[in-house]
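Values in this text are rule-based calculations from the coordinates and carry no lab data. Worth saying up front: this structure is predicted, and the values here are computed from it rather than measured. Virtual Cβ from ideal backbone geometry, glycine too; neighbours counted across all protein chains shown.
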Amino acid sequence: MLLLFLSCAQLLLHWVGAANADGNVEPPLRRKEFVTLHKWTELKLTLPDGYQQPAPLDALRYAQDKLLPVDVDVEYGDDGYHRTFLTIPRLSHGVPYSLAVVADSDNSTILNPNLVPYPSYDWHSSFGQNCSSLTSAIRTFIDDCWRLWVVDLGQINAIQYCAPQILAFDLVTDQLIHRYIIPASQYTPGVSIFTALAVDVDPSVPGAECSNAMIYIADPWGYGLIVYNMQQGQSWRIQNAHMQPDELLTPEKTGNSGIFTVSISPRRHDAEAANRRLYFHALNSFLEVSVPLFLVNNATLWTLPKDVETQKELLNEFRVVGSRGIQCESEAMDSDGNLYCSLISSSALIAWREDSEYDSDHLKVVAYNPDKLRFVTGLKVNRNNLDEDELWALSSNPELFVGGNVLLDDIKFQIIGCGVKNLLENEPCAVVINHLRKA
Ligand SMILES: *[C@@H]1O[C@H](CO)[C@@H](O)[C@H](O)[C@H]1NC(C)=O
Ligand SMILES: *[C@@H]1O[C@H](CO)[C@@H](O)[C@H](O)[C@H]1NC(C)=O
Ligand SMILES: *[C@@H]1O[C@H](CO)[C@@H](O)[C@H](O)[C@H]1NC(C)=O
């Protein structure tokens, strides 16, 4: 894992200059103040009352200095009630639980709020011995059916204890409502790691809206995309040269990260469903790539043998949307088809609207902030209770990922947010939670 981040950190410094020289991306200048929901100088995963705290000497289960949260999701209920989810995958030993929620009692505490395990500590306490529980949650996604989808790596410290799995929890009852185990042929044990999860619910089927979901997962070290059709209970794997790192960009011995993100065109009334696309980029690449979603969704095309002609046609359907001349890391799309991406090491967030040219006229730097936009490992567009999109990011001190020095009082992780409209219209950031706090 460290290698992945080492390569980013090195590349970032390197490519920022290149991008400016290229003129591909405007130099980011306008500082944007995000709303800070929570921040940590020290992240502690405590156990709820009634559970015995692991002894600090039990480094296999408890090593607080090793915690690296990577993903975030903000769930809005009615009246602005909210919960904030974090994943802290077990990339090393010592992580007591890998899926956490900010404790209700601390939901308005900005500095060092307490976390509690989700849905309960029992789900996390087997450390790879019970594959029906959670071994290492790495990514989450909240869909339109009040479900929290979770991808579980099945690994601890790069050892594959259990098969990776996809889980869905009902956010009203916090009960497991769906589980799918990824077949052995679709991942490489100890290698495959999952850096993006997107879920698409089809609301057009009356009565079956919530059983009709498609799930997309990026595997950046195995260089593939896993697609899961919930209704059919079937998944398949898609591979393509664009899912591999750009060899020219990859410094020796570091960085071999391919497909890092997955975003899908929103369902829009004014657009043909057949025009929806799936967007992705490899971490070690300047290119944004897309493929028609209806092809990705067609299991037949990826599971049955194809003649050479069909293979060629399929290959041609992968289109380079454009080159940004710089690397970006996490990516998310809003319900209007704006694709946001955090530029590596340049403290900037860019936005691009699908259907426009992917060039310097249409790639906009919508935020710049060296204190808040640091190393963005998780980026989400979450719908608030007013049905507006809010952008949330988990931003970390990059030194943590390369084993660098971090001072005791430094902010290590922060969760920052901004209304999507505020970003696009260059207004001060506001989110519903913030309004409540000030009220
Ligand atoms: C914070 O949690 C409490 C329950 O402890 C809840 O009543 C309140 O609405 C929450 N506030 C927000 C802004 O979510
Ligand atoms: C394994 O974990 C699941 C989920 O937490 C739980 O329901 C089940 O009872 C556990 N099985 C054993 C044998 O502990
Ligand atoms: C999937 O692709 C196959 C092969 O091209 C085609 O015959 C079939 O109609 C497609 N299925 C759907 C649901 O589009």
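Ranked by Cβ crowding within 10 angstrom, fewest neighbours first, how are Ser265, Ser125 ordered?
By the 10 Å Cβ count, ascending, the order reads Ser125, Ser265.
Using the Kirkwood radius built from alpha carbon pairs, what does the Stokes-Einstein equation give as D for the stretch 137-221 at 25 °C and 0.890 mPa s, in µm² per second?
Calculated translational D: 181 µm²/s.
Amide H of Ile182: which non-local residues (sequence gap of 5 or more, or other chain) have their own amide H closer than 5 Å, using H built in the peptide plane?
Under 5 Å from the amide H of Ile182: Gln165, Ile166.
How far apart, in nanometres, would the label points at Asn298 and Arg31 be if each is projected 7 angstrom from Cα along the Cα-to-Cβ direction?
5.2
Would you kindly state how much longer the chain becomes between Leu314 and Tyr51 on full extension, computed as 0.36 nm times their sequence separation minus their alpha carbon distance, in nm to one decimal?
Between Leu314 and Tyr51, full extension yields 89.4 nm more.
For a label point 7 angstrom out from the Cα of Asp79 toward its Cβ, which stretches of the stretch 377-420 have the backbone nitrogen within less than 19 Å?
Output list for this probe position: 384-387.
How many nm separate the modelled label positions at Asp307 and Lys66, each set 7 Å beyond the Cα in the direction of the Cβ?
Going by the 7 Å Cα→Cβ label model, 5.5 nm.
Calculate log10 I(q)/I(0) of the chain for q = 0.06, 0.07, 0.14 Å⁻¹, where I(q) comes from the Debye formula with a single equal point scatterer on each Cα and nothing for solvent.
Relative scattering, expressed as log10 I(q)/I(0), comes to -0.23, -0.31, -1.44.
Let's see if you can work this out: charge +1 on each Lys and Arg Cβ, -1 on each Asp and Glu Cβ, no other charges. What is the dipole magnitude of the stretch 2-438 about its Cα centre, in debye to the nearest 20?
Its charge dipole is roughly 800 debye.
Taking the alpha-carbon centroid of each part, what is the distance from the stretch 315-331 to the stretch 119-145 in angstrom?
32
Divide by every residue of the chain the summed helix terms, -39500 (n - 2.57) for each DSSP H run of at least 4, and state the resulting mean residue ellipticity at 222 nm, rounded to the nearest 500 deg cm²/dmol.
It comes out at -3500 deg cm²/dmol, rounded to the nearest 500.
Within the stretch 96-116, whose backbone N sits under 12 Å from a point 7 Å along Cα→Cβ of Thr41?
Output list for this probe position: 111-112.
Please find the FRET efficiency linking Ala103 to Gln129, where r is the Cβ-Cβ separation and R0 is fixed at 25 Å, and quote it to the nearest 0.05.
Calculated value: 0.40.
If r is the Cβ-Cβ distance from Ser211 to Gln175 and R0 is 22 Å, what FRET efficiency results, to the nearest 0.05?
Values: r = 16 Å, r/R0 = 0.74.
After rounding to 0.05, the efficiency reads 0.85.
Need the full-extension length gain, Gln232 to Ser356, defined as separation in residues times 0.36 nm minus the C-alpha distance. One decimal, nm.
41.2 nm
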